[in-house]
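Contents: one structure, followed by commentary.
The values are calculated or read from the model by the stated rules, or taken from the named source; none is laboratory data. Computed from a predicted model, the values in this text were never measured in an experiment. Quick reminder, even Gly has a Cβ in these numbers, built from the backbone with ideal geometry, and neighbours come from all protein chains shown.
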Amino acid sequence: MNPAVLTSTFEPNELAFLKRLFDGLCAERGLTGGSLAANDLAARIIQLYQQGVRDEKDLQVQLDCGALRN
């Protein structure tokens with residue numbers, strides 16, 4: 001298991017990946033950085049990542065499914 005999952009810390013390359021994903025999804029969805037929706041999105045991205053969803057496409061699919069349920 002990835003040590004970052006156990007310690008809730010992220011390596012710089014993981015942070016860069018998560019930020020790029022977050023920024024791209026915010027742009028697609030028209031979200032501003034400090035909005036409640038953007039904060040919810042960030043929390044969901046991190047939650048999925050910590051659960052082991054590491055592939056960008058898999059993350060997007062999971063996030064799109066969640067958006068459809070809301």
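Scanning the stretch 1-14 for residues that are surrounded by 12 or more Cβ atoms within 10 Å (Cβ to Cβ) and either at pLDDT below 95 or not acidic (Asp, Glu) (or both) returns Asn2, Ala4, Val5, Phe10.
Considering only residues that are acidic (Asp, Glu) and surrounded by 12 or more Cβ atoms within 10 Å (Cβ to Cβ), look in the stretch 24-63 and name the one that is nearest to Glu11 (Cα to Cα). Applying the filter and picking the extreme gives Glu56.
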